[in-house]
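What follows is calculated from the coordinates using simple rules that are stated; it is not laboratory data. Bear in mind that the values here come from a model prediction, so they are computed numbers and not experimental data. A quick note on method: Cβ atoms are made from the backbone with ideal geometry, for glycine too, and the neighbour counts reach across all protein chains shown.
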Amino acid sequence: MKKLLVYIVLAGVMLVPWQLRAQHNIVYSQYIFNGLLINPAYAGSHVQLSSSLSYRNQWINFDGAPVTSTFGIHSSFKKEKVGLGLLVTNDKIGSYRNTGLYGSYAFIIKAPRGGVLSLGVQGGFNNFKADFSQLNMKVDGDPIFNGFFNELRPNFGGGVFYYNKKMFAGFSVPTILKHADFFKGSFEQLALPRVYYLHAGTYFPVDRMEKVKISPSFLLRVQDGTPLSADINVNVIFQDLISIGNSYRTGDAIITFISFKLSEKFQFVYSYDWTTSSIGGYSKGTHEFMINYRTRIRRVHKDVECPYFFTH
């Protein structure tokens, strides 16, 4: 299994075109710690109730740059056979705002040797808003820039996720509908592209006491209308309390992240994106924060073993 994972990573890196990409969908750096952001099959994988609140301020000091707030919560039910989750996102770029609300359901299958296969679906809606009258135009006259746009559109997606104590892998398409006909004309820039995610990684100890572990992983993104992109990640974990790592996002940024276990229930994550694209000359990078809270619901989870924060 480890050899297969290594071959997948190498193949993904070789296939990546090293060029600049435009961003059309929300890009997260901390999906490593919160897989629900990219895959509905992740719901229930923490066993206990797990909730996360994150904030991402992209391209600091760049007017109209993306600012994203996200709340996610999920848990397992029915003796870890079902996972349920909820994801709320608020993404603001200039005068444009996209608010999403999605519920997820995962059917969880336990393999005989300790592995877990999860099949997930999600459904919900996006509220698209744009107030072009807020823009300061040098030249007036185009009626489109005096308009206000506020529409609600449904969407759905799905994914698959497999994990055990040594590795994890998943594939997902969180939103399938593009509503291309709806956005034809003046508001084509508001249409959400369809994005495919392939994510995998492994864990292995450095010492015999397993006080230090290394977790390499990768994420491949295939987005309609843009070249293939990849994140290559390495996370070093110390005594399951602190982790420090780096990521490289092709054509975009080098990411440094650190995570602290504040208590048995709380975890804090901070990451900083060092922009490597041409935007870096006008921006001071990207800040992203996340606080995660986990607790058992005794009537639901009883005394089942829950995974560590740093696993999958």
Can you sort 219, 84 by how many other beta carbons sit within 10 Å, fewest first?
84, 219
Amide H partners (placed H, <5 Å) of residue 43, local residues excluded
none
Hey, which of these cross-link pairs are over 29 Å Cα-Cα: 178/265; 78/166; 79/265; 178/261; 165/302; 81/265?
178/265; 178/261
Fewest to most neighbouring Cβ within 10 Å: what's the order for 290, 167, 209?
209, 167, 290
With the calculation restricted to Cα positions, what are the radius of gyration and Dmax of region 188-261 in angstrom?
15.8, 56
Taking the Cα of residue 156, stepping 7 Å toward and past its beta carbon, and measuring to each backbone N in region 102-120: which are under 17 Å?
102-107, 119-120
Please arrange 274, 59 by how many other C-beta atoms lie within 10 Å of their C-beta, fewest to most.
274, 59
